[in-house]
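Visitor: Here it is, the structure, as structure tokens.
Each reported figure results from applying straightforward, stated rules to the coordinates on display, with no laboratory input. None of these values were measured; they are calculated from a predicted model. Note that each Cβ is placed from the backbone with ideal geometry, even for glycine, and that neighbours are counted across all protein chains shown.
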Amino acid sequence: MPGNSTITVHADREIHPSRAVAPPIYQTATFWAEDGETFAQGAVEPRGKDFYTRFGNPNHAQVAAVVAELEGTEAAMVTASGMAALTTAVLALVSTGDHVIGQKSTYGGTGSVLLNLLPRLGVSTTLVDQTDSEAFARALTPKTRLILVESPSNPLLQITDLRAVADLARTHDALTMADNTFATPLNQRPADLGIDLVWHSATKYLNGHSDVSAGVIAGPAELLNRIWDVGLLTGATLGPIDAWLLLRGMRTLPLRVPRHNANGQALAEALQRHPAVAKVHYPGLATHPQHKLAASQMSGFGGVLGIEFTGGFEMADAFLGRLRYSLRSASLGGVESLAVHPASMWRGMLSEDQIAESVPPGLVRLAAGTEDTADLVADALAAADAVHATAAKA
Ligand SMILES: *Cc1c(COP(=O)(O)O)cnc(C)c1O
């Protein structure tokens, strides 16, 4: 098998060959066929690439080829956003009367699917503390069809024992689906640990440049065919230009991820010693309560860290205002550092109770970009010094 840097440059080469070194953008809504038989075949080919763009186009297929090889899965498919990947898969895999297990610490949109959308469709859900290895087993019912995991989780960087959940699901005839957005396939390959389906907000690290919204799902072809069938109905099609940009972004994923990992680790180590900081959540720290588990299933720990300030809501907000390089923005995974204060960002999205359960008020989520490590560390320490000095004066 070639290495990841070779895969991201070459894995799509045979998908829709042309002599252009940079693949063309197939900016067309539809394709023509020479005869009726070819046309009819195109209409039913799962994850096809030249029938009608909602059914798939060459730019989608090229992205899918790279993602499948990076994740070590049989196939992959592309959607218009990470949330489109999740809802399309869930709609394909569960029906009224089924039960789904998810995590308490999880991306806000995933939490809403579990707490609002699925119950409205007659699918019951249980959210568990994923740091408790028995919690998934306790939540299982005879109706459980799907377990949604996310590791490391957003925004608390909690780790799920992916192999244990995969083993448990297999013995109970349930499917597992892992959100691998934070880790990327460079740092973690859930399918190698037995997870059935792996999904990403490709908006984040896979694309890596904060200029595209996209999603991907990787897994066995048979499952992806079922999801693709529903994708035709939800119509969450990624535009050809955006698929092209995503492929272009992924070419350098293996160059970017090591820098994100180094920046995340350096920031976590520097900030955890600062007097304004109560706690740093980062799986690469030896003090992270699940560091051993993280190290056993990850080869790098990513660029995202959670920083809890001693001065609560106000100090966290003030820290964001003091950062020079990390912009206040609700994303992550791009070359530029971004930071958010989840307790204020989620005010409009989640209930007070949900926020109280999932995020401490003094938490900042910092997503390190690919800037120079020394610059990011100096910037974060200067901002922490400033909010600490203000608090001391008050
Ligand atoms: C951003 C994000 C999503 C949602 O993806 P979109 O591309 O914004 O739809 C899902 N999971 C995680 C962990 C994310 O960070």
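Visitor: If each of Ser351 and Ser95 carries a label point 7 Å out from its Cα toward its Cβ, how far apart are those two points in nm?
Guide: 3.1
Visitor: In the chain, if the dipole is taken from +1 on Lys/Arg beta carbons and -1 on Asp/Glu beta carbons about the Cα centre, which of Met77, Ala64, Leu186 is farthest to the positive end?
Guide: So the residue furthest toward the plus end is Leu186.
Visitor: I'd like the orientation of helix 58-71 relative to the chain: the angle between its Cα long axis and the longest Cα principal axis, in ° from 0 to 90, rounded to 10.
Guide: Long axis of 58-71 versus the principal axis of the chain: about 60 degrees.
Visitor: Around Thr73, what is the net charge, scoring Lys/Arg as +1 and Asp/Glu as -1 over all other residues with Cβ under 14 Å from its Cβ? It would help to have the intermediate numbers written out before the result.
Guide: Details: positive: Arg47, Arg189; negative: Glu69, Glu71, Glu74, Asp192, Asp196, Glu222.
Spelling it out: positives minus negatives among the neighbours equals -4.
Visitor: Then there is this: Given the options Pro275, Ala243, Gly108, identify the residue whose Cα lies farthest towards the positive end of the charge dipole of the chain (+1 on Cβ of Lys, Arg; -1 on Cβ of Asp, Glu).
Guide: In the chain, that residue is Pro275.
Visitor: Please rank Thr110, Thr141, fewest neighbouring Cβ atoms within 10 Å first, as an exposure proxy.
Guide: Values: Thr110 23, Thr141 13.
Sorted ascending by nearby Cβ count, the order is Thr141, Thr110.
Visitor: Hey, could you grab the Kirkwood Rh for segment 4-250? Inverse mean 1/r over distinct alpha carbon pairs, Å, one decimal. Kindly include the intermediate steps, with their values, before the conclusion.
Guide: Values: mean 1/r = 0.0546 Å⁻¹.
One over the average 1/r among Cα pairs gives 18.3 Å for segment 4-250.
Visitor: Over all directions, average the projected area of the Cα convex hull of segment 256-393 and note it in nm². Numbers along the way, then the final one.
Guide: Values: hull surface 32.6 nm².
Average projection, Cα convex hull of segment 256-393: 8.1 nm².
Visitor: Which value, in debye to the nearest 20, gives the size of the charge dipole of the chain about its Cα centre, when Lys and Arg are +1 and Asp and Glu are -1 at the Cβ?
Guide: Details: 28 positive and 38 negative charges, 116 e Å.
Result for the chain is approximately 560 debye, rounded to the nearest 20.
Visitor: At a Förster radius of 41 Å, what calculated FRET efficiency corresponds to the Cβ-Cβ distance of Ala20 and Arg328, to the nearest 0.05?
Guide: Details: r = 40 Å, r/R0 = 0.97.
For Ala20 and Arg328, the calculated efficiency is 0.55.
Visitor: With θ set to phi - 60°, apply the Karplus curve 6.51 cos²θ - 1.76 cosθ + 1.60 along segment 15-25 and write out the HN-Hα couplings as whole Hz, x wherever there is a Gly or Pro.
Guide: Using θ = phi - 60°, the values come out as 6, 8, x, 9, 8, 6, 5, 8, x, x, 8 Hz.
Visitor: In addition: Give me the number: length gained by fully extending Ile241 to Lys143, i.e. 0.36 nm times residue separation minus the C-alpha to C-alpha distance, one decimal in nm.
Guide: Details: separation 98, 0.36 × 98 = 35.28 nm, distance 4.13 nm.
Taking Ile241 through Lys143 to full extension adds about 31.1 nm, to one decimal.
Visitor: Now for a different question. Quick query: amide H of Val277 versus all other amide H atoms, modeled in the peptide plane; which residues come in under 5 Å with a sequence gap of 5 or more or a different chain?
Guide: For Val277, the qualifying residues are Thr310.
Visitor: Ranked highest first by average number of other Cβ atoms within 10 Å, how do 205-215, 289-299 line up? Walk me through the numbers on the way to the answer.
Guide: Numbers: 205-215: 22.7, 289-299: 16.6.
Descending mean neighbour count gives 205-215, 289-299.
Visitor: Could you give the size of the charge dipole of segment 120-195 about its Cα centre, using +1 on the Cβ of each K and R and -1 on the Cβ of each D and E, expressed in debye and rounded to the nearest 20?
Guide: For segment 120-195, the charge dipole is close to 280 debye.
Visitor: Length gain on complete extension for the stretch Arg251 to Asp375, per 0.36 nm per residue less the alpha carbon to alpha carbon distance?
Guide: 42.1 nm
Visitor: Leu197's amide H: which non-local residues (gap 5+, or another chain) put their own amide H closer than 5 Å, with H modeled 1.01 Å from N in plane and none for Pro or chain starts?
Guide: The list, which skips near neighbours in sequence, is Thr176, Met177, Ala178.
Visitor: Around Tyr26, under 11 Å between beta carbons, what's the net of Lys plus Arg minus Asp minus Glu among the other residues? It would help to have the intermediate numbers written out before the result.
Guide: Values: positive: Lys49; negative: Asp50.
Once all neighbours under 11 Å are counted, the net charge is 0.
Visitor: Report the gain in length on full extension from Glu134 to Lys292: 0.36 nm times residue separation, minus Cα-Cα distance, nm rounded to one decimal.
Guide: On the way: separation 158, 0.36 × 158 = 56.88 nm, distance 1.76 nm.
Net length gain for the segment: 55.1 nm.
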